[in-house]
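Just below is one structure, and these are the notes that go with it.
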Amino acid sequence: MFDIYRKVPKDLTQPTYTGAIISVCCCLFILFLFLSELTGFIATEIVNELYVDDPDKDSGGKIEVNLNISLPNLHCELVGLDIQDEMGRHEVGHIDNSMKIPLNNGDGCRFEGHFSINKVPGNFHVSTHSATAQPQNPDMTHIIHKLSFGDKLQVQNVHGAFNALEGADKLSSNPLASHDYILKIVPTVYEDMSGKQRYSYQYTVANKEYVAYSHTGRIIPAIWFRYDLSPITVKYTERRQPLYRFITSICAIIGGTFTVAGILDSCIFTASEAWKKIQLGKMQ
């Protein structure tokens, strides 16, 4: 016979209360571990990796930018967006896909813009440079509601600096000061279970404020966003535990639990029988 699972006749086995208790505990323990493994198998995990590459080669060398900023002490007709970069782009008063919303009965302005920048170092800035007449003392105090690059990622397990300047409050700063935000932009790719990829950008930021002067006098203040791109790309991949690994874990749980429980029960039973023999020897 090639049966490696030999059967023991029932009349050669002996049930015990200890064995019953261990069996019940064993089943409960197996159930707990099974549910834990099942939860882990159903849930997805996010794996991240770093590599050097331009992930979004179909973008035409462009990055989409979303800017939302409030200047509560500057009229909307004075607010403008200028864009410059090392490829020679110099655009003053960018107006495409932008909107100005008056605040404080027209004394302030909320600027919302959606525009693209080239994938080279450069800057964009909010200023009065494009106004037909320059104000004497422009007040550049502001609140940044949003500054983001690329697609919007709303993934629970992905935490990053996709909108690092959200809530930046400079209302208490010097009204005549310029503000420099130095951004280091990091390309980020998210790939879901279906293999679909979304391209976004995280960024780190450092900032300073200053009143600038030249030989002709004080320079008109502005809110500068100076950016450079990191060559490192961060990729997040959504994965689920393979079925074979789940089955392997379940088999290990059941087999290991029963083996350990059997050893424990055997030790308790042997010790109990030895104690009984000792007690009988004492009685004789």
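The values are calculated or read from the model by the stated rules, or taken from the named source; none is laboratory data. Computed from a predicted structure; not experimentally measured. With ideal geometry, Cβ positions are generated from the backbone for all residues, glycine too; neighbour counts draw on all protein chains shown. Please note that ligands, DNA and RNA were not included when accessible areas were found on the heavy atoms of the full protein model with its side chains. Shrake-Rupley method; radii C 1.70, N 1.55, O 1.52, S 1.80 Å.
Scanning the stretch 160-173 for residues that are open to solvent by 40 Å² or more (accessible area, probe 1.4 Å) and more than 27 Å from the chain's Cα centre (by Cα) yields L171, S172. For the stretch 90-124, the set of residues classified as among the small types (G, A, S) and in a loop (DSSP other than H, G, I, E, B) consists of G93, G106, listed by residue number. Screening the stretch 239-284 for residues that are touching a residue at least 12 places away in the same chain (Cβ under 8 Å) and polar (S, T, N, Q) and picking the one that is farthest from L33 (Cα to Cα) gives S272. The residues listed here are I182, I223; of these, the one that is out of contact with any Gly (no Cβ under 9 Å at 6 or more places or on another chain), in contact (Cβ under 8 Å) with a residue 60 or more places away in the chain and either closer than 25 Å to K119 by Cα or of a type in the set (D, E, K, R) (or both) is I223. Exactly one residue among T237, T248, T257 is open to solvent by 40 Å² or more (accessible area, probe 1.4 Å), hydroxyl-bearing (S, T, Y) and over 30 Å from R110 (Cα atoms), and that residue is T248. Take the conditions surrounded by 13 or more Cβ atoms within 10 Å (Cβ to Cβ), in contact with a strand residue (DSSP E or B) (Cβ under 9 Å, 6 or more places away or on another chain) and under 19 Å from M140 (Cα atoms) and apply them to I83. Does it pass? In short, yes.
When each of D228, D265 is tested for being among the charged types (D, E, K, R) and in contact with a helix residue (DSSP H, G or I) (Cβ under 8 Å, 6 or more places away or on another chain), the lone residue that passes is D265. Looking at (1) loosely packed, with under 12 Cβ neighbours inside 10 Å; (2) on the phi < 0 side of the Ramachandran plot; (3) not hydroxyl-bearing (S, T, Y), which is the one condition that is false for G195? All conditions are met except number (2). Quick one: which residue in I232, I263 is open to solvent by 60 Å² or more (accessible area, probe 1.4 Å) and either of a type in the set (D, E) or touching a Leu at 6+ places or on another chain (Cβ under 6 Å) (or both)? Answer to the check: I232. The residues on offer are L38, L31, and the sole one that is of a type outside the set (F, W, Y), surrounded by 12 or more Cβ atoms within 10 Å (Cβ to Cβ) and either in contact with a helix residue (DSSP H, G or I) (Cβ under 7 Å, 6 or more places away or on another chain) or not in a strand (DSSP E or B) (or both) is L38.
The set of residues in the stretch 131-159 that are in contact with a Leu (Cβ under 8 Å, 6 or more places away or on another chain) and open to solvent by less than 50 Å² (accessible area, probe 1.4 Å) comprises A131, P135, P138, D139, M140, T141, H142, I143, I144, L147. Scanning the stretch 125-145 for residues that are within 30 Å of S230 (Cβ to Cβ), more than 32 Å from the chain's Cα centre (by Cα) and either β-branched (V, I, T) or not in a loop (DSSP other than H, G, I, E, B) (or both) gives a single hit, S127. Among the criteria (1) more than 30 Å from K235 (Cα to Cα); (2) modelled with pLDDT of 75 or more; (3) not in a loop (DSSP other than H, G, I, E, B), the one L67 does not fulfil is (1).
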